[in-house]
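The values are calculated or read from the model by the stated rules, or taken from the named source; none is laboratory data. In this text, all values refer to a predicted model and were calculated from it rather than measured experimentally. Counting neighbours? That spans all protein chains shown, and the Cβs are built from the backbone with ideal geometry, glycine included. What goes into the accessible areas is simple: the full protein's heavy atoms, side chains included, and nothing from ligands, DNA or RNA. Shrake-Rupley method; radii C 1.70, N 1.55, O 1.52, S 1.80 Å.
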Amino acid sequence: MGFSREEYWSGLPFPSPGNLPDAGVDCVFRGKLTLLCDAKTDGSFLVHHFLSFYLKANCKVCFVALVQSFSHYNIVGQKLGVSLTSARERGQLVVLEGLKSAVDVFFRPREEPHPLQFLREASAGDLQPLYAFVRDALEPVDGAEAAWRCPVLLVDDLSVLLSLGVGPVAVLDFVHYCRATVCREWKGNIVALVHDSGDAEDEESDVLLNGLSHQSHLILRAEGLATGFCKDVHGQLRILWRRPLQPTAHRDRSLTYQYKIQDKSVSFFAKGMSPAVL
């Protein structure tokens with residue numbers, strides 16, 4: 001289509017797939033919303049990549065971890081060359097442990113604010129305390145020298161909020177307010193994972209996924225292989241780069257890679273070009 005690979009990747013807020021394990025920390029674009037999506041596979045390797053990438057890039061990160069424990073993310077992070085424990089101790093990383101906080105919220109006085117306060121409400125739908133947690137974690141300190149490169153919000157994953165009874169509109173409102181604050185006001189980035197169930201009757205999931213897709217600058221969609229399990233190819237990654245300000249004919253560009261997850265890295269290759277089949 002007359003669009004070189006170098007030109008394509010030069011506009012992305014993270015390194016090219018060929019360099020996914022070795023993040024080029026100088027390649028940080030600001031004010032972007034990146035949507036991670038997985039369908040019939042586990043897309044958590046993308047979360048681990050972005051978490052380690054932004055920490056290596058000296059960014060201030062607020063990590064809303066709703067799926068795994070902090071120790072799990074820390075173990076994977078050490079394989080990728082970062083220590084989440086050290087980052088949290090020096091104030092670079094602020095973590096909301098969903099598995100732990102979901103229990104703590106029930107043992108606190110009701111009048112004490114909590115990011116997951118909606119779990120105690122009769123009608124779960126108010127994510128304002130969660131937004132306040134993100135805002136307080138990433139808000140720049142007035143008059144102080146900037147210690148971190150830019151603020152980053154990372155969420156794993158937004159689909160969990162739906163399973164906890166929060167409506168898709170409330171989740172989209174939460175993302176909208178975070179975009180207005182983190183991306184527009186503070187010129188930071190947001191990365192969020194959602195799960196595509198593939199169920200036509202799951203209307204809430206479709207509303208959330210479609211709504212986030214329209215807001216995103218970059219969409220990374222990890223998919224399982226249509227042929228089923230393969231030990232040499234674990235899935236394929238569809239990359240959609242959206243440029244809303246460009247003319248319609250040049251607005252969206254996409255690429256598709258297949259990948260294999262290894263112990264400390266991820267190998268990417270063109271479809272049908274796995275070293276195991278050549």
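The table below lists the values:
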| item | result |
| --- | --- |
| Pairs from LYS79/LYS260; LYS40/LYS271; LYS60/LYS264; LYS187/LYS271; LYS60/LYS231; LYS60/LYS260 whose Cα-Cα separation, in the structure shown, is over 26 Å | LYS187/LYS271; LYS60/LYS231; LYS60/LYS260 |
| Whole-percent carbon and sulfur share, accessible surface of the stretch 149-263, 1.4 Å | 52 percent |
| Size of electric dipole in the stretch 157-227: Cβ of Lys, Arg +1 and of Asp, Glu -1, about Cα centre, debye, nearest 20 | 580 debye |
| Packing-based order for 79-91, 164-176, using average beta carbon neighbours within 10 Å, highest first | 164-176, 79-91 |
| Packing rank of 45-52, 258-265, 182-189, 223-230, where each peptide gets the mean count of other beta carbons within 10 Å, highest leading | 45-52, 182-189, 258-265, 223-230 |
